[in-house]
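See structure below.
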Amino acid sequence: MDDLELTWPEIEKAAREKRREIVLQGPDVDERISNGGLSPAIYSLTLLNYLEIIQCPSLTEIHEDVKHLTSLQSLILCRNKLASVPKVIGDLKSLKVLDLSVNDLTSLPVEIIQLKALNTLNVSCNRLRCLPEGLSQCTKLSTINFSKNEISCFPTDFYRLDLLSTLIASDNAIEELSGDVFKLSSLKNLDISNNKLTEIPSSLGDCSKLKEIDFKGNKLKDKRLEKMVNGCQAKSVLEYLRAGGARGPKGKPKHGEAKLDNADDAEQGGGGGGGRNADKKKRPQRKKKNNADEDEDELEELNKMVVRILHLSSNPDAFTIKVTEEVKDVRPYLVCCVVRGMILSRGNALKRFLLAQTKLHEDLCGRRTTATIATHDLQLLKSPLVYEARPPSQLKILSLGRKEMTAVELMRSLQLEADDQRKQKKRQNVSGLHKYLQLLDGKALYPCLVDAEGHVISFPPITNSEKTKMKKSTKELFLEVTSSTSLQTCKDVMDALIVKMAELNRQTVETKEEAGSDGEGAATGPEASDDGAATSGELVVQQVRTVDQDGNLKVVYPSKTDLSAELSNLTVVW
């Protein structure tokens, strides 16, 4: 290409080195976008199999020349302002991953159904009203996320997606889940929370691989089922559906409903004896009804998740984090808190928690581009803490699972690992920490959280320190969320993390797993602190203050405006 001198340096480098991957993101790229589109030269990089363009609000369209990128396996175009997708998208026959999340799309071209190799489709956070008909022709689809749109129904052939294992359809306007849902035989994770469902078909119980479900935020007619749903009792919900739900097995009335009908018949037949017999039959039913109400009240109480806030004023030894001026131009926003009562010692509780954190990083945190979560064992922290920024050569950290090294050495090591991973797997998309290396491109200083002994315990958005790593024996957690976007972003992510922790704690209490049942060493000593979390699942969140270099207050988390999500089964005690 003779005109490469006129193109962007990233594109020049990719062409010169015959790279198969290119990542473009953020303000530096955004200001170069002209007339809503990318440099045309990018569509000449026919060797590309991974293209990622994120956080560019000036990007409103993808040119039809994208059809020339026939080697593409992953196309990530999230957090832009795309208003449409060209029909030629259907020509990308090798495409396996298509991420169009957080844009301004109101429709998808039907040509998407021509992507026979597609296994992951993410179109969340747009303004879509429907998905294309014929989606079942994408026979390899295993993950679909169309949350936070305006979709009211599934395509007619949707239930023929035999390999679909994850379906995230939350925050839409879906009114019905068809009884054909049982045909999704590979389904493992289902989220249809915050929609307009009034019923859940009992056939959902026939999805034998289903492990995680979320129907919260739907006004279900079956109030007992609704309480189970709000209590995050996936196992109980599925067992209830398999038993036929409120109508019992095979749609037959449950709990003596037929007897009530007989009693009514006797009463209508006349005669004093019949009426008296009817009354005798009705009285036990009233008793059963009262018992059922008591059971539902007990279930509702059991489902309640309690988060208790411990104020700074009641804890003179509470943590205070000093934030230096240097982080202003790097990653300026930080909120922290301490959580007690999280049960990690039982069964797979710790693994579930770490998986939930990963999922938040992928979704709400936008693959760490919007925010990053770090979790520490509080007992291994030496306060006071300082959040600062250092030159890469002066930032030394003992990162998780590695030896101590400077940030320069760590980033170089990760880059070499990423290159080796690409060569071995013969593809460009990589896993682990390698996915986040580009987030620090061009930064003269790197952010870090430092303890009283000068040890770096956190290096966002890359890694934590091995020194404060959580274990099954961890009783108290120190949580941090950092962001380059806004303080409110940090708070929203921390809110979501704490709510998820409360849900996981409730699940751990309900399943009654044994300590160490996953094959790892059991925790020593009592399983929880004196607040009774081992049996109640209650979390205690201690406020943490961040201040500037002069000691002026920046933020306290949580404040009265935090943790205010309208969840019927979450109680926050101040």
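Of note:
- Debye log10 I(q)/I(0) at q = 0.19, 0.21 Å⁻¹ for region 328-449, Cα point scatterers: -1.41, -1.56
- Accessible area (Å², per residue) of region 83-213, counting only protein heavy atoms and a probe of 1.4 Å: 41 Å²
- For Ser313 and Glu466, the difference between the fully extended length at 0.36 nm per residue and the C-alpha to C-alpha distance is 51.9 nm.
- Average projected area [Cα convex hull, region 5-95], square nanometres: 5.1 nm²
- On the beta carbon distance between Thr511 and Val88, with R0 = 56 Å, the FRET formula returns roughly 0.70.
- Rounded to two decimals, the Cα radius of gyration of region 63-219 over 2.2 N^0.38 Å is 1.01.
- Charge-dipole axis of region 366-430 as Lys and Arg at +1 and Asp and Glu at -1 on Cβ define it, positive-most pick from Val408, Thr369, Val386: Thr369
- Residue order by solvent-accessible surface for Asp30, Asp180, Asp441 is Asp441, Asp180, Asp30, largest first, with ligands and nucleic acids left out and a 1.4 Å probe.
- Label positions at Thr106 and Ser393, each projected 7 Å from the Cα along the C-beta direction, are separated by 5.5 nm.
- Neighbours of Leu77 by Cβ distance under 10 Å: Lys/Arg scored +1, Asp/Glu scored -1, total -1.
- Sequence of His361, His311 from largest to smallest accessible area, 1.4 Å probe: His311, His361
The values are calculated or read from the model by the stated rules, or taken from the named source; none is laboratory data. What you see is a predicted model, and the numbers here were worked out from it, not measured in a lab. Note that each Cβ is placed from the backbone with ideal geometry, even for glycine, and that neighbours are counted across all protein chains shown. All accessible areas refer to the heavy atoms of the entire protein, side chains included, with ligands and DNA or RNA removed. Shrake-Rupley method; radii C 1.70, N 1.55, O 1.52, S 1.80 Å.
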